[in-house]
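Visitor: What follows is a structure written as structure tokens; I'll ask about it next.
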Amino acid sequence: IQQLEKMHQLKTGRLIRAPIEASAVISQATELELKALINYSENLGLAFQIRDDILDYVGDVHLLGKNIGSDDINNKSTFVSLYGIETAKNILKNTTEKAIDALQCFGSKGEFLSNLAHEMEHRNV
């Protein structure tokens, strides 16, 4: 489980974190804001990957453009294979909420990023 989380953090988590962190630095964010955005981006990246794992189990083949169940066929460790679908969905919800909670210091200015996290939580592709 720890290896899976670490892999996801180094995979999508870093891809999401890099532009968010760079934007924060360029816009001269405070240290508190920078930490909040890093926390947000890391949780958002993990949530994105958890959603991918779920979509591989319950997604629409026509929307995804790939066969459903390929992770299982290829014996990949996923949040669904390790926890089951319902627990994976709960972890996704909690991880998304952690991302959104990290934005509290921005007040209404964080609304776009909060909405983005919700969209990613419920995406179909």
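Visitor: Among (1) in contact (Cβ under 8 Å) with a residue 12 or more places away in the chain; (2) within 15 Å of Val125 (Cα to Cα); (3) open to solvent by 30 Å² or more (accessible area, probe 1.4 Å), which single condition is Leu15 missing?
Guide: Condition not satisfied by Leu15: (2).
Visitor: Only one of Asp56, Asp72, Asp60 is surrounded by 11 or more Cβ atoms within 10 Å (Cβ to Cβ) and modelled with pLDDT of 90 or more. Can you tell me which?
Guide: Every option except Asp56 fails the conditions.
Visitor: In addition: Which residue is least open to solvent (accessible area, probe 1.4 Å), if the candidates are limited to the range 18-33 and must be of a type in the set (A, V, I, L, M, F, W, C) and part of a helix (DSSP H, G or I)? Lay out the reasoning, then the answer.
Guide: First, pick out the residues of the range 18-33 that are of a type in the set (A, V, I, L, M, F, W, C): 18, 20, 22, 24-26, 29, 32.
Those still in the list that are part of a helix (DSSP H, G or I) too: 18, 20, 22, 24-26, 32.
Details: Ala18: 57, Ile20: 34, Ala22: 47, Ala24: 4, Val25: 93, Ile26: 141, Leu32: 117 Å².
Here the answer is Ala24.
Visitor: Mind checking which pairs have a first residue in the range 49-66 that is within 22 Å of Leu4 (Cα to Cα) and a second that is part of a loop (DSSP other than H, G, I, E, B) and modelled with pLDDT of 90 or more, Cβ under 6 Å, 6 or more apart or different chains?
Guide: Qualifying pairs under 6 Å: Asp53/Thr78.
Visitor: Kindly provide the set of residues from the range 75-93 that are open to solvent by 60 Å² or more (accessible area, probe 1.4 Å) and within 17 Å of Glu119 (Cβ to Cβ), ordered by number.
Guide: Lys89, Lys93 - these are the residues of the range 75-93 that are open to solvent by 60 Å² or more (accessible area, probe 1.4 Å) and within 17 Å of Glu119 (Cβ to Cβ).
Visitor: Do we find that Val125 is β-branched (Val, Ile, Thr), under 17 Å from the mean Cα position of the chain (by Cα) and open to solvent by 70 Å² or more (accessible area, probe 1.4 Å) in this structure?
Guide: Yes: the conditions hold for Val125.
Visitor: Against the definition (assigned to a helix (DSSP H, G or I) and modelled with pLDDT of 95 or more), how does Ala36 come out, yes or no?
Guide: Answer is yes for this residue.
Visitor: Also, I was wondering about something else. Residue by residue through the range 69-125, note down the ones that are within 16 Å of Asp56 (Cβ to Cβ), of a type in the set (S, T, N, Q) and part of a helix (DSSP H, G or I).
Guide: Correct list: Ser70, Ser81, Thr87.
The values are calculated or read from the model by the stated rules, or taken from the named source; none is laboratory data. Keep in mind that this is a model prediction, so the values were computed, not measured. Please note: Cβ atoms are built from the backbone with ideal geometry, for glycine as well, and neighbour counts cover all protein chains shown. Note: accessible area is taken over every heavy atom of the protein model, side chains too, but ligands, DNA and RNA are not part of it. Shrake-Rupley method; radii C 1.70, N 1.55, O 1.52, S 1.80 Å.
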